[in-house]
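Beneath this line is the structure, given in structure tokens, with notes to follow.
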Amino acid sequence: MKLRGLFSICLAGAALGVFAQTHVEGVEYFSADQINNARELLNRNMNNAGTDKAVANYYLGQIAMLEGKTSEAKKYFDAGIAINPEYGYNYVGLGEILLLTAPKEAQKLFKQAEKFGKKDAALQIAIARAYYNVDPVANAKEINKRIEKAQRIDMGEPAIYIFEGDRLADKKEWGNAAAQYEMALNFDPNATGAYVKYANVYDYVNPNLSIAMLQNLLKQNPTSALGQRQLANTYYNQERYKEAAQEYGKYVQNPNHFKQDEDRYALLLFSDGDYKKGYEYATKLLEADPNNFTAQRFQFMNAAQIEDMQPRLLSLAEALYSAHQSNPANKFAAIDFTLIADEFAKAKKFDEALAVLQEGEKELPEQKSFIHDAALIYFDMNQSDKAVKEFQRYLAGNESPNYTDAYQMANLAYVAAFDASGAEKDALLKTAAEYAHKAAEVNPKNYRPLKRAGDVAGMQATGNDAVKAKAPYYKKAADLIESTNTQPSASDARDIYKTLGEYYVLIGDKDNAKVYFTKYIAVNPDDAQVKKILGTL
């Protein structure tokens with residue numbers, strides 16, 4: 001049985017008030033082939049004032065038919081007839097059930113339906129669809145007969161053109177299908193399903209056409225939850241997140257929105273950088289439902305980006321992690337593990353931070369950033385050897401790390417070498433030198449890798465040899481600082497300029513020694529010893 005959108009029949013004469021909560025919204029979703037959403041709204045609004053229960057039961061029966069649940073469908077159709085025996089469509093539903101096993105009985109039911117809709121062209125299309133759903137080839141004659149009868153009753157009935165569009169779409173004749181949907185709208189601008197079907201045809205090949213059609217739907221019916229949601233999703237699929245967030249903002253105010261879409265709106269607010277609004281929205285959701293884990297996640301994620309929220313972040317992180325641990329269904333994404341670990345680390349709760357990152361790595365092994373962050377936490381714990389091992393694990397298999405990773409590896413290995421000795425120290429310094437050079441290759445205009453390479457060379461040497469070992473790298477670093485007009489850190493400037501001054505004194509080049517000692521005094525004016533040396537040059 002094929003999924004087919006249905007008619008505009010039940011929308012006719014059903015005036016939509018502001019944010020209607022009746023069968024109408026469910027029928028709209030059904031007309032757009034979104035049966036799960038249709039079922040939820042039909043059931044949700046079944047007992048609301050204004051809901052025609054005979055109509056609602058018919059569409060619930062149609063949904064059951066599409067899912068192959070004929071016994072369930074029959075219950076809905078029978079219930080619809082019991083509520084309103086003069087609403088012909090439920091007889092059509094019962095007839096469709098019998099078409100395969102008792103076609104003559106089915107035809108009797110279709111005739112019964114026609115008694116209550118003698119001048120209803122859409123009813124004829126409903127019967128045509130029943131035949132089509134069962135077997136479009138074997139029933140072609142009967143299908144065409146019903147279409148012709150509908151045309152004789154009312155050539156302007158939009159259901160005729162929507163059905164023709166659906167049949168063309170089944171043949172993948174997308175352009176012709178869209179033309180039929182557009183024809184339906186020419187006759188009835190309220191045929192919501194036709195807007196959505198047309199938009200779906202062009203969603204990926206010409207999204208601007210889709211967007212324009214959905215905007216037309218919302219001009220015609222500004223409170224259509226289907227229209228609001230469909231337009232928001234189209235923007236989202238096109239990665240136009242700001243516009244998607246704006247449309248979702250309208251849609252989630254509609255009582256007929258779906259709870260799962262609140263999550264996407266929260267995500268869009270965060271992705272768009274509207275952290276304050278995202279925090280307020282998530283907080284509002286939590287006030288309505290304190291167990292809303294997704295809202296709790298986005299409340300924390302947004303808060304982590306707001307400076308004024310910093311004092312509260314640790315408590316929010318602890319509460320979120322506790323909610324995650326207490327229920328296996330409360331899943332985290334990578335960002336949750338990362339932000340929570342960061343807050344624990346800031347609070348010097350290093351063991352807890354590492355535990356979070358280790359869990360993250362276990363759950364999401366492809367996310368190498370957890371290993372990276374763990375390495376830096378070990379470094380903050382003054383466990384440089386573990387930091388180096390973790391960072392090496394993070395870089396494993398990456399022969400061409402980016403600048404930041406290469407430079408961090410050089411720094412970690414260099415610092416760790418201070419607490420090592422013998423072969424271990426030699427290995428660490430070798431690693432530091434290797435990655436300093438890699439960083440310099442990736443970013444040849446940055447002086448820092450050259451400075452670090454000089455530091456490593458100095459540690460590998462002794463006495464005056466240390467100064468001589470550093471000098472070539474420090475000179476290149478100094479030249480880069482000058483040529484790129486970079487402002488070095490005060491500590492880097494002191495190291496580079498003093499070392500170069502000492503080097504040129506060693507080789508008897510007083511002019512260059514004077515140049516670099518003068519630069520050194522500019523950043524360290526209280527060094528009396530260097531001033532004294534300058535006085536002798």
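The values are calculated or read from the model by the stated rules, or taken from the named source; none is laboratory data. Just so we're clear, the structure is a prediction, and the values are computed from it rather than from any experiment. Note: ideal-geometry Cβ built from the backbone for every residue, glycine included; neighbour counts use all protein chains shown.
Quick grid of which residues meet (1) farther than 26 Å from Ala184 by Cα; (2) at pLDDT below 95; (3) assigned to a helix (DSSP H, G or I):
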{"position": "Tyr76", "(1), (2), (3)": "yes, no, yes"}
{"position": "Lys108", "(1), (2), (3)": "yes, no, yes"}
{"position": "Gln112", "(1), (2), (3)": "yes, no, yes"}
{"position": "Gly117", "(1), (2), (3)": "no, yes, no"}
{"position": "Gln151", "(1), (2), (3)": "no, no, yes"}
>> Here is a check on your reading of the model: is Asn186 free of Cβ contacts under 8 Å to residues at least 40 places away in the same chain, out of contact with any helix residue (DSSP H, G or I) (no Cβ under 8 Å at 6 or more places or on another chain) and either assigned to a helix (DSSP H, G or I) or farther than 25 Å from His23 by Cα (or both)?
In response: yes
>> Any residue at all in segment 368-382 that's of a type outside the set (S, T, N, Q) and more than 30 Å from Tyr447 (Cβ to Cβ)?
In response: yes
>> Here is a list: Ile521, Ile496. Which entry is part of a helix (DSSP H, G or I) and closer than 28 Å to Asp419 by Cβ?
In response: Ile496
> In segment 45-57, which residue that is without any contact (Cβ under 8 Å) to a residue 40 or more places away in the chain and surrounded by 15 or more Cβ atoms within 10 Å (Cβ to Cβ) is farthest from the chain's Cα centre (by Cα)?
Replying inline: Ala54
> For segment 119-146, how many residues meet the condition of being within 15 Å of Val92 (Cα to Cα) and assigned to a helix (DSSP H, G or I)?
Replying inline: 17
>> For the list (1) closer than 18 Å to Asp120 by Cβ; (2) surrounded by fewer than 22 Cβ atoms within 10 Å (Cβ to Cβ), I need the number of the one condition that Ile162 fails.
In response: (2)
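Yes or no, residue by residue, for (1) touching a helix residue (DSSP H, G or I) at 6+ places or on another chain (Cβ under 7 Å); (2) buried (at least 20 other Cβ atoms within 10 Å of the Cβ); (3) farther than 15 Å from Pro449 by Cα:
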site: Asn464; (1), (2), (3): yes, no, yes
site: Lys468; (1), (2), (3): yes, no, yes
site: Ile496; (1), (2), (3): yes, yes, no
site: Leu500; (1), (2), (3): yes, yes, yes
site: Asn512; (1), (2), (3): yes, no, yes
site: Val523; (1), (2), (3): yes, no, yes
site: Ala528; (1), (2), (3): no, no, yes
> Within segment 223-240, can one find any residue that is part of a helix (DSSP H, G or I), acidic (Asp, Glu) and surrounded by fewer than 23 Cβ atoms within 10 Å (Cβ to Cβ)?
Replying inline: no
